[in-house]
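The values are calculated or read from the model by the stated rules, or taken from the named source; none is laboratory data. Since the model is a prediction, treat every value here as computed from it, not as a measurement. Here Cβ is always computed from backbone atoms with ideal geometry, including for glycine, and neighbour counts include all displayed protein chains. In case anyone asks, the SASA skips ligands and DNA or RNA and just uses the protein heavy atoms, side chains included. Shrake-Rupley method; radii C 1.70, N 1.55, O 1.52, S 1.80 Å.
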Amino acid sequence: MTRVFSGVKPTGHLTLGNYLGAMRRWADVDQHKADALFCIVDLHALTVDHDPARVRRLSRQGATLLLASGLDPELCTVFVQSHVDEHARLSYLLECVATDGEMRRMIQYKEKAAREQARGGSVRLSLLTYPVLMAADILAYGADEVPVGDDQTQHVELARDLAVRFNQRYGHTFVVPRATHPAVATRVMNLQEPLSKMGKSDDSGPGIVYLLDEPDVVRKKVLRAVTDSGREVAYDREAQPGVANLLEILAACTGGNPSDLSGVYETYGSLKKDTAEAVVEVLRPVQERHKELCADPGYVEGVLRDGAERARAMARPTVDAAYRAIGLLPAVTDIAVSAGR
Ligand code: AMP
Ligand code: TRP
């Protein structure tokens, strides 16, 4: 059976971009067709300036929202990365396979490091090595598919490269994974800056729709979205990025196709109005379920406890095999176990 792994960082409140680009498909498609694991990748939240209490709070909220978006612990494994030691254990081995040049070529590293330096801050070493930890997340579970938004393509490519290189040097150990993307809304853009991704850690609140925004807040944000100077509603990402973004959001929410939808609207106003309502309707059941789950925190904790246990059992044999393959002497207990076999 296909194995799927994906994750979301607790660096901010989850957005419509996370939902349409990733989470919705995890719930609608991936958990049904595959042996799937979904992870709150909290170690990744420590790669930039962070507040410990906030990371804890966002990790709990993120897990609750994964369940609210329809992930069913009977069908898939939902867990927190730091509860399973194998991620950090494997990450070090992969650092011994990856190169410095390869890390410095990562677009997200270059962008985030430049932003941090412009602010006069320092760049954490973990920001540079972060894609290796992400590769470890994926390879530890032998995932075939990694369903992500478009911004993660380069990182999944790195995971592929590291898997192939490790296998060539040390013997076949890892499954070589590939990224999968949704048909539309693979990159939802900020409503105020349609040339930038709608990112949860960005500061520009008015351009970001959060999953837990009240319906009126959602309407206000969509109705105030920046559109383009033309008048015509056309689906053209280059010439009309603001309008194209709205058409993609509407298409993703209603199951349509952005270019067909562009023919339906004569004015930006009517496009915005329908998009706002479509987003409100898509978020409604998630918000209702989130409210129910918040009333039962013990349930979410139980899901995470069981999830971590299952995940550990899945990752351990692969990571142990990688330790042996790369030349590390097995611990005495392992020798005893293998001698007894
Ligand atoms: P992150 O927020 O970086 O932890 O991302 C979690 C998942 O959501 C990843 O698969 C991302 O590719 C996806 N994602 C985040 N922001 C967007 C966006 N604006 N549009 C589409 N997908 C997104
Ligand atoms: N780097 C991903 C992001 O920023 C999150 C992530 C970490 C991830 N580990 C992963 C996604 C493994 C898929 C698989 O969105």
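Per the listing VAL164, VAL176, the residue uniquely open to solvent by 40 Å² or more (accessible area, probe 1.4 Å), within 24 Å of LYS33 (Cα to Cα) and away from ligand 1 (no atom under 16 Å from the Cβ) is VAL176. When restricted to residues that are assigned to a strand (DSSP E or B) and of a type in the set (Val, Ile, Thr), the range 39-49 contains 1. Listed by first and then second residue, the pairs with beta-carbon distance under 6 Å, at least 6 apart or on different chains, first residue in the range 92-111 and open to solvent by 70 Å² or more (accessible area, probe 1.4 Å), second among the β-branched types (Val, Ile, Thr), are GLU95/VAL132. Of the set (1) in a loop (DSSP other than H, G, I, E, B); (2) surrounded by 18 or more Cβ atoms within 10 Å (Cβ to Cβ), all apply to HIS155 but (1). For the range 158-178, the tally of residues that are within 14 Å of ligand 2 (Cβ to nearest atom), of a type in the set (Val, Ile, Thr) and not in a loop (DSSP other than H, G, I, E, B) stands at 0.
Of everything in the range 217-276 that is charged (D, E, K, R) and loosely packed, with under 15 Cβ neighbours inside 10 Å, the residue that is nearest to GLN192 (Cα to Cα) is ARG224. For the range 113-152, filtering for residues that are open to solvent by 40 Å² or more (accessible area, probe 1.4 Å), at pLDDT 95 or above and within 16 Å of ligand 1 (Cβ to nearest atom) leaves 1.
For (1) touching a Gly at 6+ places or on another chain (Cβ under 8 Å); (2) of a type outside the set (A, V, I, L, M, F, W, C), each residue gets a yes or a no:
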{"residue": "VAL48", "(1), (2)": "no, no"}
{"residue": "PRO52", "(1), (2)": "no, yes"}
{"residue": "VAL55", "(1), (2)": "no, no"}
{"residue": "THR64", "(1), (2)": "no, yes"}
{"residue": "LEU67", "(1), (2)": "no, no"}
{"residue": "LEU71", "(1), (2)": "no, no"}
{"residue": "THR77", "(1), (2)": "yes, yes"}
{"residue": "ASP85", "(1), (2)": "no, yes"}
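You will find that of ALA53, ALA63, the residue that is touching a strand residue (DSSP E or B) at 6+ places or on another chain (Cβ under 6 Å), farther than 22 Å from GLY142 by Cα and more than 11 Å from ligand 1 (Cβ to nearest atom) is ALA63 and no other.
Conditions tested, residue by residue: (1) surrounded by fewer than 19 Cβ atoms within 10 Å (Cβ to Cβ); (2) touching a Lys or Arg at 6+ places or on another chain (Cβ under 7 Å); (3) not aromatic (Phe, Trp, Tyr).
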{"residue": "LEU14", "(1), (2), (3)": "no, yes, yes"}
{"residue": "TYR19", "(1), (2), (3)": "no, no, no"}
{"residue": "TRP26", "(1), (2), (3)": "no, no, no"}
{"residue": "HIS32", "(1), (2), (3)": "yes, no, yes"}
{"residue": "LEU37", "(1), (2), (3)": "no, no, yes"}
{"residue": "THR47", "(1), (2), (3)": "no, yes, yes"}
{"residue": "HIS50", "(1), (2), (3)": "yes, no, yes"}
{"residue": "LEU71", "(1), (2), (3)": "no, no, yes"}
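One residue stands out in the range 119-133 among those that are among the polar types (S, T, N, Q) and under 21 Å from the mean Cα position of the chain (by Cα): the one that is nearest to ARG105 (Cα to Cα), namely THR129. Restricting the range 1-38 to residues that are among the small types (Gly, Ala, Ser), within 14 Å of ALA179 (Cα to Cα) and not in a strand (DSSP E or B), the residue that is farthest from ligand 1 (Cβ to nearest atom) is ALA22.
Among the residues of the range 1-41, those that are near ligand 2 (Cβ under 10 Å from one of its atoms) and farther than 21 Å from LEU191 by Cβ comprise VAL4, PHE5, SER6, GLY7, LYS9, LEU37, PHE38, CYS39, ILE40, VAL41. The residue of the range 129-151 that is nearest to ligand 2 (Cβ to nearest atom), among those that are in a loop (DSSP other than H, G, I, E, B) and touching a Phe, Trp or Tyr at 6+ places or on another chain (Cβ under 6 Å), is ALA143.
Would you confirm whether any residue within the range 303-310 is in contact (Cβ under 8 Å) with a residue 12 or more places away in the chain, more than 21 Å from the chain's Cα centre (by Cα), within 20 Å of THR64 (Cβ to Cβ) and not assigned by TED's automatic domain parsing to the domain that holds GLY62? Scanning the range 303-310, I find no residue that is in contact (Cβ under 8 Å) with a residue 12 or more places away in the chain, more than 21 Å from the chain's Cα centre (by Cα), within 20 Å of THR64 (Cβ to Cβ) and not assigned by TED's automatic domain parsing to the domain that holds GLY62, so the answer is no.
The residue that is surrounded by the most Cβ atoms within 10 Å (Cβ to Cβ), among those in the range 179-198 that are within 13 Å of ligand 2 (Cβ to nearest atom) and not in a loop (DSSP other than H, G, I, E, B), is ALA179.
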